[in-house]
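Here's the structure, in structure tokens; my notes come after.
The values are calculated or read from the model by the stated rules, or taken from the named source; none is laboratory data. Keep in mind it's a predicted model, so treat the numbers as computed, not measured. Every residue, glycine among them, receives a Cβ derived from its backbone with ideal geometry; neighbour counts consider all protein chains shown. The protein model used for the area step is the full one, side chains on, heavy atoms only, and it has no ligands, DNA or RNA in it. Shrake-Rupley method; radii C 1.70, N 1.55, O 1.52, S 1.80 Å.
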Amino acid sequence: MSNTLEGQEALRRGAAEAELRQAELIVLSVVDRDSVSAEDRAAAQAEVEKTLPGTATTVRVEPDGGDPAGALVDLVADVGAGMVVIGSKRRSAVGKFLMGSTVQRVLLDCPVPVLVVKAP
């Protein structure tokens, strides 16, 4: 989850999927630090409330340990998620080759279905 357009679209689509499936919406966020502060948690909660006002959610923020895709997949297993919704932005083939792809790793490693959304 992030304050990018892609992250906001993932939040909106995740909320719609949770409502459709009559499931709890759990927002997972990994941060690129060794630990998570109260400020990190408050910022994540504020972003969810800004994007999904009045929607009941559980927000969980964890450090990525240097591997954001692995941390996200671990969180998915930990909370027992039935589906993952993740935002993605368009990247060139060279960009994907040079930098790798967190989204691609989540798609390949995640034990549950993954819905990838782009910003409108």
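Once you keep just the Cα pairs under 8 angstrom separated by 6 or more residues, what percentage relative contact order results for the chain?
Working: 171 pairs, mean separation 38.9, N = 120.
So the answer I get is 32 percent.
Could you give me the percent of Cα pairs per 10 Å distance bin for the range 1-69, shortest bin first, beginning at zero and ending with the bin that holds the maximum distance?
Spelled out bin by bin, the range 1-69 gives 21, 53, 24, 3 percent.
Could you check what % of the DSSP bridge pairs in the chain are antiparallel, to the nearest 5?
The antiparallel proportion sits near 0 percent.
Please give the charge dipole size of the chain, origin at the Cα centre, charges +1 on K and R Cβ atoms and -1 on D and E Cβ atoms. Round to the nearest 20 debye.
Numbers: 13 positive and 17 negative charges, 123 e Å.
My answer is approximately 600 debye.
Work out how much length D32 to S101 would gain on full extension: take 0.36 nm times their residue separation and subtract the Cα-Cα distance, in nm to one decimal.
Working it through step by step, the gained length comes to 23.3 nm.
Between L5 and D109, how many nm apart are label points set 7 Å from Cα along the C-beta direction?
2.9
Please name which of S88, V30, T51 has its Cα lying farthest along the dipole of the chain towards the positive end, using unit charges on Cβ (Lys, Arg +1; Asp, Glu -1) and the Cα centre as origin.
S88
Give me the percent of accessible area attributable to carbon and sulfur for the chain, probe 1.4 angstrom.
Within the chain, the accessible surface is 52 percent carbon and sulfur.
May I ask you to give the solvent-accessible area per residue for the chain, in square angstrom, as obtained with a 1.4 angstrom probe?
Here the residues of the chain average 61 Å² of exposed surface.
Among the trypsin sites (Lys or Arg not before Pro) within the range 15-51, which fall in a DSSP loop and have no more than 12 other Cβ atoms within 10 Å of their own Cβ?
Values: sites: R21, R33, R41, K50; in loops: R33.
Answer in residue order: R33.
Would you mind working out the magnitude of the charge dipole of the range 25-72 relative to its Cα centre, with +1 at each Lys and Arg C-beta and -1 at each Asp and Glu C-beta, to the nearest 20 Debye? Write out the running numbers ahead of the final one.
On the way: 4 positive and 9 negative charges, 47 e Å.
It comes to approximately 220 debye.
If the viscosity is 1.306 mPa s and the temperature 10 °C, what Stokes-Einstein diffusion coefficient in µm²/s follows for the chain when Rh is the Kirkwood radius over Cα pairs? Walk me through the numbers before you get to the answer.
Details: Rh = 14.7 Å.
Translational D for this selection: 108 µm²/s.
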